[in-house]
1. Roughly speaking, what is the stretch gain from Lys182 to Arg118, that is 0.36 nm per residue apart minus the C-alpha to C-alpha distance, in nm to one decimal?
2. Filter the cross-link list Lys202/Lys309; Lys145/Lys240; Lys240/Lys309; Lys97/Lys145; Lys182/Lys309 down to pairs whose alpha-carbon distance in this structure exceeds 18 Å.
3. Rg and Dmax of the chain, Cα atoms, in Å?
4. Using DSSP to call loops (not H, G, I, E or B), can you name the GluC sites (Glu not before Pro) in the stretch 256-314 whose Cβ has at most 16 other Cβ atoms within 10 angstrom?
5. Sorting Glu232, Glu364 on the 10 Å Cβ count, fewest up front, what's the list?
6. So how do Thr9, Thr345 line up by other beta-carbon neighbours within 10 Å, fewest first?
7. Once whole DSSP H runs in the chain are found, which of them have Cα atoms spread over 24 Å or more along the helix axis and a mean Kyte-Doolittle score of at least -1.0?
8. By count of other Cβ within 10 Å, fewest leading, how are Met194, Met291 ordered?
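Readers should treat all values here as calculations from the given coordinates under stated rules, not as data from a laboratory. All values reported here derive from a predicted model rather than from experimental measurement. Glycine also receives a Cβ, built like all others from the backbone with ideal geometry; neighbour counts cover every protein chain displayed.
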Amino acid sequence: MDTMTEPETEAFRAEVRAFLEASLTPELREAAARAASVFIDPAVTLPWQAILHARGWAAPEWPAQFGGPGWNDLQRYVFAAECARAGAPGLAPMGLKMVAPVIMHYGTSEQQAHYLPRILSGEDYWCQGFSEPGAGSDLASLQLKAVSDGSDYVLTGSKIWTTHAHFANRMFCLVRTSSEGKPQAGITFLLLDMASPGITVKPIRTLAGEHEFNQVFFDEVRVPQANRLGAENDGWSVAKHLLTFERGGRYAPALIERLSRLKLREGIDPVTRARLGHEAVSLRALQALEMKAMRGLGGSPALYASVLKVLGTEAAQRIDTLDCDIAGIDAWSMANGQTPADLATAVPRYLNDRAASIYAGSNEIQRDLISRQLLG
């Protein structure tokens, strides 16, 4: 990790803090406070992304050559912490944090030149076509068929739990181009236009009553082979690269901020105070591990991604439980539009985050991956 002196770090922190104070409107802060998921309505996130893009800060992780700010790891961590502190809405991760890195790594120069500026500006809004009705944690069993026909693939089948597919104009998708050999060996990674004829999106409502997920049906949908990332039948390698970015990340800054706000609630009993203290210590340990991962010390990126995914999602679930316990019966008044955001989101966030330990590879599978890497 590139080093910065303490004065340089504090000067950067002050710059970020001043920008956020000047740029975050009350409406953006309120929308972020009432969000029960990392996937906030694009009516909120895209205007905020446009503000960040104008400053050159929409994609902190991107290298300068692709339009990012070229920050070092410490600057990225400070930026994440300050955004959490200011209550800024998170940006949709599918484009900026997931498909963009694989386009940088596997894409042709033409694909990079076409897609990356559109992701950065928000012109393209992405969804992820991985899970299927019969292929969730066992993703290699996916069956969405892609048959080569001239310069196109013709897709028939479906995807499920497709977050924000009803908003997206683009999808990155795993398809089956061969049934020979190991299941992983016949998968191909495609980029497709959601306006393509034959695509139907049907909503799935969550326990929290939100329309975040969908099932997407493909009826002989034609996708140009030029939209393939990587080689045919080598999509599993591309997907593993992408999942490193989906699973890993900076969980601690936002969770530490949430916990600090919970501590300010009135009427907290001593036992719950002790639980809050325990979580504070755990989050500082998670933060230290994230900093260690940024430095590349003691493990591979894939190992860190799995470890941080387990620790981060399960910490979020424990804090959700604390939030509901502290709010008590008031948390169930979430339907009242006048309810304060901290109470209105307690139960929806609790329900939404039940899936956090399942998506991006269930935490049970992550523990298997960790044990294989550490114990052989």
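1. Working: separation 64, 0.36 × 64 = 23.04 nm, distance 3.56 nm.
Working it through step by step, the gained length comes to 19.5 nm.
2. Values: Lys202/Lys309 29 Å; Lys145/Lys240 20 Å; Lys240/Lys309 14 Å; Lys97/Lys145 27 Å; Lys182/Lys309 27 Å.
Correct reply: Lys202/Lys309; Lys145/Lys240; Lys97/Lys145; Lys182/Lys309.
3. That works out to 21.0, 69 Å for Rg and Dmax.
4. Details: sites: Glu257, Glu266, Glu279, Glu290, Glu314; in loops: Glu266.
Those that pass, being in a loop and sparsely packed, are Glu266.
5. On the way: Glu232 16, Glu364 11.
Neighbour counts put them in this order, fewest first: Glu364, Glu232.
6. Values: Thr9 15, Thr345 23.
If I rank by nearby Cβ atoms, fewest first, I get Thr9, Thr345.
7. Numbers: long enough: 6-23 (25 Å, -0.49); 270-294 (36 Å, 0.07); 301-327 (38 Å, 0.47).
Long hydrophobic helices here: 6-23, 270-294, 301-327.
8. Working: Met194 20, Met291 16.
Arranged by neighbour count, lowest to highest, Met194, Met291 become Met291, Met194.
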